[in-house]
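One structure is given below, encoded as structure tokens.
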Amino acid sequence: MSNLFINEHPLVQSKLALLRDAKTKSKEFRELVGEMAGLLCYDAVRDFKTKPVEVETPLGTAECKVLDKEIGVVALLRAGIGMADGILNMIPTAKVGHIGLYRDPNTLMPIEYFCKIPKDAENLHIFVLDPMLATGGTASAAIQFLKERGVKDITYICMVAAADGVKKLQSEHPDVDIYTAALDRALTEDGYIVPGLGDVGNRIYGTK
Ligand code: URA
């Protein structure tokens, strides 16, 4: 079963409180989404393998360590885009991809309408980004698409998760760890997390 990591760091929780606040305006909300993504990614990378490198300082040679595997981020459209820059601030060499999915109204199956991922995705450790893990349908489908393209190492980063979404990912992708700032109690009939953050895409982009 995949691991669920809920980040209780006071900085993460303070930012979450501001994100939850319905009075927080788009500009601040956007900035907080990026900052939160950076902090969650910092946590997610904690146990990644490193490799030794020698670096010449002005005074001598230092034995250093750098990440062993290159990182990629795949933002799920559209709200996941808001998280990508925060991760790039932490890992500027990360390659960025995007996946867009919609649910077919007849079959309810997730259909990919956009997919552009790094060419060498199968060699990267991929962070899948979406602020809200609600039912888990989109998350699970996106991870499946990545696996079908040969990606082996995947971590899911969201800001708020609902139990249903966690359960779905844990049963369908037990190899994928989940990093989040909160596990919320419920989902509305149309798939919004309660108390959650509201519609994150609209709050990031000011579209409502
Ligand atoms: N997407 C959102 O923007 N908010 C939710 O609560 C769930 C999915």
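Just to be sure, is Ala139 modelled with pLDDT of 95 or more, under 21 Å from Gly97 (Cβ atoms), within 14 Å of the ligand (Cβ to nearest atom) and open to solvent by less than 10 Å² (accessible area, probe 1.4 Å)? Full working, then the answer.
On the way: modelled with pLDDT of 95 or more: yes; under 21 Å from Gly97 (Cβ atoms): yes; within 14 Å of the ligand (Cβ to nearest atom): yes; open to solvent by less than 10 Å² (accessible area, probe 1.4 Å): yes.
Yes; evaluated as a whole, the condition is true for this residue.
Kindly establish whether Leu11 is aliphatic (A, V, I, L, M), assigned to a helix (DSSP H, G or I) and open to solvent by less than 80 Å² (accessible area, probe 1.4 Å).
Values: aliphatic (A, V, I, L, M): yes; assigned to a helix (DSSP H, G or I): yes; open to solvent by less than 80 Å² (accessible area, probe 1.4 Å): no.
No, not satisfied.
Within the range 61-79, identify whether any single residue is out of contact with any Gly (no Cβ under 9 Å at 6 or more places or on another chain) and within 16 Å of the ligand (Cβ to nearest atom), and answer yes or no.
Among the residues of the range 61-79, not one is out of contact with any Gly (no Cβ under 9 Å at 6 or more places or on another chain) and within 16 Å of the ligand (Cβ to nearest atom), which makes the answer no.
Name every residue in the range 142-154 that is part of a loop (DSSP other than H, G, I, E, B) and either within 14 Å of the ligand (Cβ to nearest atom) or in contact with a strand residue (DSSP E or B) (Cβ under 7 Å, 6 or more places away or on another chain) (or both), in order of residue number.
Step one: list which residues in the range 142-154 are part of a loop (DSSP other than H, G, I, E, B), which gives 149-152.
Once the filter is applied, which keeps residues that are part of a loop (DSSP other than H, G, I, E, B) and either within 14 Å of the ligand (Cβ to nearest atom) or in contact with a strand residue (DSSP E or B) (Cβ under 7 Å, 6 or more places away or on another chain) (or both), the range 142-154 yields only Val151.
Which numbered condition trips up Arg20, out of (1) under 15 Å from Pro131 (Cα atoms); (2) free of Cβ contacts under 8 Å to residues at least 40 places away in the same chain; (3) open to solvent by 70 Å² or more (accessible area, probe 1.4 Å)?
Against the list (1) under 15 Å from Pro131 (Cα atoms); (2) free of Cβ contacts under 8 Å to residues at least 40 places away in the same chain; (3) open to solvent by 70 Å² or more (accessible area, probe 1.4 Å), Arg20 comes up short only on (2).
Examine the range 188-208 for a residue that is under 22 Å from Tyr42 (Cβ atoms), near the ligand (Cβ under 8 Å from one of its atoms), in a loop (DSSP other than H, G, I, E, B) and open to solvent by less than 20 Å² (accessible area, probe 1.4 Å), and state whether such a residue exists. Walk me through it before giving the result.
Our first condition is that a residue be under 22 Å from Tyr42 (Cβ atoms); within the range 188-208, this holds for 197, 200, 204.
Adding the requirement that they be near the ligand (Cβ under 8 Å from one of its atoms) leaves 197, 200.
So of that shortlist, the ones also in a loop (DSSP other than H, G, I, E, B) come out as 197.
When the remaining residues are screened for being open to solvent by less than 20 Å² (accessible area, probe 1.4 Å), the result is 197.
The answer is yes; a qualifying residue exists.
For the range 105-136, enumerate the residues that are of a type in the set (Gly, Ala, Ser) and either surrounded by fewer than 18 Cβ atoms within 10 Å (Cβ to Cβ) or at negative phi (or both). Break it down stepwise before answering.
Step one: of the range 105-136, the residues of a type in the set (Gly, Ala, Ser) are 121, 134, 136.
Scanning the range 105-136 gives Ala121, Ala134.
For the range 38-81, which fully contained strands (runs of 3 or more DSSP E) count at least 3 residues that are open to solvent by 60 Å² or more (accessible area, probe 1.4 Å)?
Numbers: elements: 50-57, 60-67, 71-76.
Output list reads 50-57, 60-67.
Regarding the range 118-132, can at least one residue be identified that is within 14 Å of the ligand (Cβ to nearest atom), part of a helix (DSSP H, G or I), of a type outside the set (Val, Ile, Thr) and touching a residue at least 12 places away in the same chain (Cβ under 8 Å)? Full working, then the answer.
Initially, the range 118-132 is screened for residues within 14 Å of the ligand (Cβ to nearest atom), giving 129-132.
Next, only the ones that are part of a helix (DSSP H, G or I) stay: none.
For the range 118-132, residues within 14 Å of the ligand (Cβ to nearest atom), part of a helix (DSSP H, G or I), of a type outside the set (Val, Ile, Thr) and touching a residue at least 12 places away in the same chain (Cβ under 8 Å): absent.
Which members of the range 155-181 meet the condition of being assigned to a strand (DSSP E or B) and open to solvent by 10 Å² or more (accessible area, probe 1.4 Å)? Please lay out each step first, then the result.
Going through the range 155-181, the residues assigned to a strand (DSSP E or B) turn out to be 155-157, 160-162, 177-180.
Hits for the range 155-181 are Asp177, Tyr179.
The values are calculated or read from the model by the stated rules, or taken from the named source; none is laboratory data. Just so we're clear, the structure is a prediction, and the values are computed from it rather than from any experiment. Neighbour counts are summed over all protein chains in view; Cβ atoms, including those assigned to glycine, are modelled from backbone coordinates with ideal geometry. When the accessible area is computed, the model is the full protein with side chains, heavy atoms only, and any ligands, DNA or RNA have been set aside. Shrake-Rupley method; radii C 1.70, N 1.55, O 1.52, S 1.80 Å.
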